Amino acid sequence: MLAELAYDADIAELQHSVHHVQRGLKFHFHGYNHKMGELVRMVFNQVVNLVSDENRFEIQREKYRQQLTNFFLGQPYSVCDYELSVLLEPSKYHQSEYLELVRQLSFADWQQHAKTVLSTGFLEALVHGNMTKQTASELCAQVLEVLPHSPSGPSDMREQRLVILPPNTEYRFHTQNANPDEPNSCVELYMQFGHQKLRDGAILDLMAELIRDACFETLRTQQQLGYIVFSGVHFQHHVSGFRVIVQSSSTAPDVVYDRIIAFLDHHRTTAIQDMPQDAFDEIRTALIAKKLRKEDNLLQETGKHWAEIEAGSYLFGRKAHVAKELETVTKQELLDFYDANFSAGSRRTLVAMTHGADHPIQADPEGVVTVSDRVEFRRQMSSHPSSPPICRLPEYEAACLQLNSAE
């Protein structure tokens with residue numbers, strides 16, 4: 001039904017999409033504004049009054065089952081990154097759990113769930129572009145009228161947290177590729193730093209900028225470990241970290257890991273400590289300019305704002321704030337940050353390894369904690385607290401107060 005509506009909307013230069021996300025459903029609308037409200041109302045009306053038959057249900061169930069199965073046959077770096085994300089987040093279900101559920105799901109189960117899924121919920125919306133505040137508020141109010149739900153506030157939502165990795169500890173999780181003919185293996189090294197403050201975020205961004213090109217040049221070009229080499233900041237649920245991903249068909253995962261660590265340890269001296277001050281200033285100035293550069297289009301800018309909403313921080317001017325902090329970051333601060341987070345005695349490390357056909361899983365070296373059960377691992381670990389928003393909008397506060405008084 002929504003597919004038929006999408007065709008008509010596309011003729012009018014309007015697009016929409018619906019995605020299942022961890023905490024509910026995400027609707028995305030974009031296009032010309034004068035008919036946007038009508039499209040939004042039509043989509044939500046169809047979702048609320050969704051009608052299906054058992055044959056169509058079986059087709060969609062089989063399609064989703066194949067999608068879940070094929071995910072593990074994809075690129076090893078995608079599987080590796082996914083496995084690490086599940087290990088980090090206690091409330092996240094694994095694709096294998098979804099697959100088992102889909103196999104058992106009946107048409108009657110789906111019908112019952114469809115009736116109740118929209119009965120309670122919390123609506124959060126971003127209206128961005130050529131639309132007034134009044135029109136945007138009216139549009140959201142109309143959506144709430146359509147949805148047969150009991151109002152709830154953000155506090156009723158399941159908190160999303162990350163596990164706390166202890167200092168000077170390394171955990172490793174291994175999986176064998178689902179495709180027995182897949183030659184590539186992958187290693188993702190994740191180092192956790194804790195709840196991020198703006199100053200620490202600016203220092204980490206600059207650190208990542210200094211590492212990125214050297215990491216690629218060393219591990220891919222010089223050592224030729226593989227075609228896929230990536231390094232960068234990992235920021236999720238207010239917890240910051242750094243990660244390096246290397247996919248290789250020629251080198252075993254444990255050897256790749258040793259090469260990554262050797263690079264990071266060597267990089268402190270070669271790329272930070274011995275860097276001339278004028279070179280440091282040039283890189284810092286270039287990063288500030290990148291932070292202050294405007295987005296190329298409305299979709300990019302909307303994505304930036306929505307990321308703040310999803311994170312619950314609501315710091316819509318984050319890039320400008322970080323750029324301001326960068327102006328005064330010194331090379332010594334960078335070295336201190338490295339010693340406190342990247343050095344061998346302080347690293348909080350979680351490593352995910354996906355093994356290819358020629359690289360069977362080997363026993364981990366002494367001192368490494370092997371994770372054999374992801375559920376038990378998350379159960380035993382403490383979690384970072386759910387961080388409050390950095391920037392409270394007056395409208396957000398008012399809406400929360402109104403919901404609390406209604407209850």
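Odds and ends about this structure:
- With R₀ fixed at 25 Å, the C-beta to C-beta distance from ASN297 to LYS26 puts the FRET efficiency at about 0.80.
- Rolled with a 1.4 Å probe across the full set of protein chains, the surface gives HIS19 an accessible area near 90 Å².
- Helix axis angle, 298-311 relative to the chain longest principal axis, alpha carbon, degrees: 80 degrees
- Accessible area in square angstrom per residue, the chain, 1.4 angstrom probe: 55 Å²
- 5 angstrom amide H check on GLN176, placed H, neighbours 5+ away: HIS355
- Read-out Cα extents along the principal axes in Å, derived from the coordinates shown; its label in (1) 69, 55, 41; (2) 62, 50, 43; (3) 72, 62, 37: (2)
- When you count the other C-beta atoms within 10 angstrom of each residue and take the mean per peptide, 335-344, 83-92, 222-231, 112-121 line up highest first as 83-92, 222-231, 335-344, 112-121.
- Cβ crowding within 10 Å averaged over residues, with 243-256, 65-78 ranked highest first: 243-256, 65-78
- Rounded to whole numbers, the Karplus 3J(HN,Hα) couplings from phi for segment 104-112 are 8, 5, 9, 4, 5, 4, 5, 4, 5 Hz, using 6.51 cos²θ - 1.76 cosθ + 1.60 with θ = phi - 60°, and x at Gly and Pro.
- In straight-distance terms, cross-link reach from LYS319 covers every one of the lysines whose alpha-carbon lies under 17 Å from its own, apart from those fewer than eight places away in the same chain; here that gives LYS197, LYS290, LYS291, LYS294, LYS304.
- Summed residue charge, Cβ within 11 Å of CYS186's Cβ, Lys/Arg positive, Asp/Glu negative: -4
- Nearest-ten-degree value, helix 36-48 long axis tilted from longest Cα axis of the chain: 80 degrees
- What a 1.4 Å probe finds exposed on segment 208-269 is 49% carbon and sulfur by accessible area, rounded to a whole percent.
- Ranking of VAL127, VAL102 by solvent-accessible surface, largest first: VAL127, VAL102 (1.4 Å probe, protein heavy atoms only, all chains present).
- Residues in segment 106-146 that a label on ILE309 would reach, taking backbone N under 15 Å of a point 7 Å out along Cα→Cβ: 122-144
- Helix-derived mean residue ellipticity, 222 nm - over the chain, DSSP H n ≥ 4, -39500 (n - 2.57), to 500: -15000 deg cm²/dmol
- In segment 279-362, the portion of solvent-accessible area held by carbon and sulfur atoms comes to 54 percent [1.4 Å probe, whole percent, DNA, RNA and ligands not counted].
- Phi angles of segment 247-257 translate, via the Karplus equation with coefficients 6.51, -1.76, 1.60 and θ = phi - 60°, into HN-Hα couplings of 10, 9, 9, 9, 10, 5, x, 5, 6, 4, 4 Hz per residue; Gly and Pro are given as x.
- Rg/Rg_ref, segment 250-331, where Rg_ref = 2.2 N^0.38 Å and atoms are Cα: 1.53
- Label point distance in nm, PHE216-THR132, each placed 7 Å from Cα along Cα→Cβ: 4.7 nm
- Karplus-derived HN-Hα couplings along segment 348-353 (A = 6.51, B = -1.76, C = 1.60, θ = phi - 60°), whole Hz, x at Gly and Pro: 10, 10, 10, 10, 10, 10
- Peptides 46-52, 259-265 ranked from most to least packed give 259-265, 46-52, packing being the mean of other C-beta atoms within 10 angstrom over each peptide's residues.
The values are calculated or read from the model by the stated rules, or taken from the named source; none is laboratory data. Since the model is a prediction, treat every value here as computed from it, not as a measurement. A quick note on method: Cβ atoms are made from the backbone with ideal geometry, for glycine too, and the neighbour counts reach across all protein chains shown. These accessible areas exclude ligands, DNA and RNA; they are computed on the full protein's heavy atoms, side chains included. Shrake-Rupley method; radii C 1.70, N 1.55, O 1.52, S 1.80 Å.
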